[in-house]
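Below is one structure; the comments refer to it alone.
The values are calculated or read from the model by the stated rules, or taken from the named source; none is laboratory data. Nothing here was measured: the structure is a model prediction, and the numbers come from that model. Cβ coordinates were reconstructed from backbone atoms using ideal geometry, including for glycine residues, and neighbour counts include every protein chain displayed. Side chains are part of the model used for accessible areas, which takes the heavy atoms of the whole protein and leaves out ligands, DNA and RNA. Shrake-Rupley method; radii C 1.70, N 1.55, O 1.52, S 1.80 Å.
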Amino acid sequence: MDGCRWYLQYSPYVYYNEHCIALSEKHEPMKIDRSTFAKLLGFISRFPHYFIGSNADLPIVGGSILSHDHMQGGRHTFPMERAAIAQKVSFRGYDTVQCGIVDWPLSVIRLSGTDRDAMIDLADKILKTWRAYSDPERTIFAETDGEPHNTITPIARMRDGAFELDLVLRNNLTTPEHPLGLYHPHEELHHIKKENIGLIEVMGLAVLPARLKAEMAQTADAILAGRDLRADPVLEKHADWIDELRTRYTFTKENVNRILFDEIGAVFVRVLEDAGVYPATPEGREGMLRFVDAVNA
């Protein structure tokens, strides 16, 4: 791919159908650059029935092993792929590429078209602009004390004979209030999900900690028995969440597991919202459009 030898293997962690990993022959660190976009589009040219994407190349937002360059793909339709364009945008000089902001909790610019070179050029321009872009009004800084914060999680697929490339804007800034990452699951969600948000989760498939299977079974039993979750050292972290759910639901033996299952999904939506540099609000959309203007400058 792009003049480099890569290998393909199927993952032992079968998160979805035909979950595969493409990995570089050379032992080099993860890096998102122009060559990444060329490799992604080259891969789906050979395997048009697969998607392919790369984790970001910075800690916190990387969500993966950063010491070896690799990508993940497979034969699966993720929720983000089904998400529509919320607002069309254009980039000067790239009339052959259709562009838009995706209706998604994270901040995603979607490019589509049949002109492969133009797609790669535009994706590279967006990446380079984002690497250096700061928006202090939204607490987005390209770097602090020489440490870079901005990168992109890219995902490629074929749709109706055209290339489609989703560019997810990521930032790994930490603050005293959010030492694990400002654009990372916030502390009140850590009882469900504390780990980094990587490629698979960016696209809408929750990879949740294995502990939850036993914890939710125990939580359901405690709810039905009327036990105090705060008296249990394992379940106490879920107590505030369950208290809030009790204001909206009457738990029964028949519905308790379904409610917990659905509400874990609702928490995951909030996890994705926390990871978005621009929220899906009018103010957030205005911020995204400022960035589009910066690319066009």
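Here's the list of lysines a cross-link from K128 could span, going by alpha-carbon distance under 23 Å and ignoring same-chain residues fewer than 8 apart: K31, K39, K88. On a 0 to 90° scale, report how tilted helix 211-225 is relative to the longest principal axis of the chain, with both axes built from alpha carbons and the result rounded to the nearest 10. With rounding to tens, the tilt is 30 degrees.
Classification of segment 1-141 by its C-alpha gyration tensor yields a rounded form. The axis ratio a/c (a ≥ b ≥ c) stays under 1.5.
Full extension of the segment from D2 to T114, taken as 0.36 nm per residue of separation minus the current Cα-Cα distance, would add 38.5 nm.
Full extension of the chain between D262 and K213 gives 16.2 nm of extra length, using 0.36 nm per residue less the Cα-Cα distance. Here K253 is the anchor, and the lysines within straight C-alpha reach of less than 19 Å, apart from those fewer than 8 places off in the same chain, are K213.
Restrict the search to segment 34-101; then list the trypsin sites (Lys or Arg not before Pro) that DSSP places in a loop and that have at most 12 other Cβ atoms within 10 Å of their Cβ.
R92
Using the crude model of +1 on Lys and Arg Cβ and -1 on Asp and Glu Cβ, and no other charge, please compute the dipole size for the chain relative to its Cα centre, in debye to 20.
Values: 33 positive and 43 negative charges, 156 e Å.
Value, rounded to 20: 740 debye.
Solvent-accessible surface (1.4 Å probe) assigned to S54 amounts to roughly 0 Å².
The C-alpha atoms of the chain define a longest principal axis, and helix 256-275 lies at about 40 degrees to it.
Taking every protein chain into account, the 1.4 Å probe leaves E188 with about 110 Å² of accessible area, to the nearest ten.
Hey, what's segment 184-265 come to in accessible area per residue, 1.4 Å probe, Å²? Each step should come with its number before you reach the end.
Values: 4390 Å² over 82 residues.
Spelled out: the 1.4 Å probe surface of segment 184-265, per residue, equals 54 Å².
Solvent-accessible area of the chain (1.4 angstrom probe, protein heavy atoms only): carbon and sulfur portion equals 52 percent.
Each residue of segment 94-101 was assigned a 3J(HN,Hα) from its phi angle through the Karplus expression (A = 6.51, B = -1.76, C = 1.60, θ = phi - 60°), giving 10, 5, 7, 10, 7, 9, x, 8 Hz with x at Gly and Pro. These residues, Y10, Y94, go from largest to smallest accessible area, 1.4 Å probe, as Y10, Y94. What the Cβ-Cβ distance of T247 and S67 gives, at R0 = 51 Å and to the nearest 0.05, is a FRET efficiency of 0.65. What shape does segment 227-272 have by the C-alpha gyration tensor, where a ≥ b ≥ c are the square roots of the eigenvalues, rounded means a/c under 1.5, and otherwise prolate means a/b greater than b/c and oblate the rest? Judged from the Cα gyration tensor, segment 227-272 comes out oblate (a/c at least 1.5, b/c at or above a/b). For segment 17-29, the Karplus equation 6.51 cos²θ - 1.76 cosθ + 1.60, evaluated at θ = phi - 60°, returns couplings of 4, 6, 4, 10, 10, 9, 9, 6, 5, 8, 7, 10, x Hz by residue, with Gly and Pro reported as x.
When ligands, DNA and RNA are left out and all protein chains stay put, how many square angstrom of accessible area per residue does segment 1-134 have with a 1.4 Å probe? Could you put the intermediate results ahead of the total?
Numbers: 6420 Å² over 134 residues.
About 48 Å² of surface per residue is accessible.
For K26, the aspartates and glutamates whose Cα falls under 16 Å of its own Cα, not counting residues fewer than eight places away in the same chain, are D2, D69. Just how far, in whole angstrom, is segment 238-297 from segment 9-52 if you go by their alpha carbon centroids? Using only Cα atoms to place each centre, the spacing works out to 29 Å. The distance between label points at T96 and E188 comes to 4.9 nm (points 7 Å beyond Cα on the Cα→Cβ vector). Accessible-area rank, largest first, for H27, H190, H184: H27, H190, H184, with all protein chains present and a 1.4 angstrom probe. Evaluating 6.51 cos²θ - 1.76 cosθ + 1.60 at θ = phi - 60° for every residue in segment 186-192, the Karplus couplings come out as 6, 4, 5, 9, 5, 5, 9 Hz, glycine and proline recorded as x.
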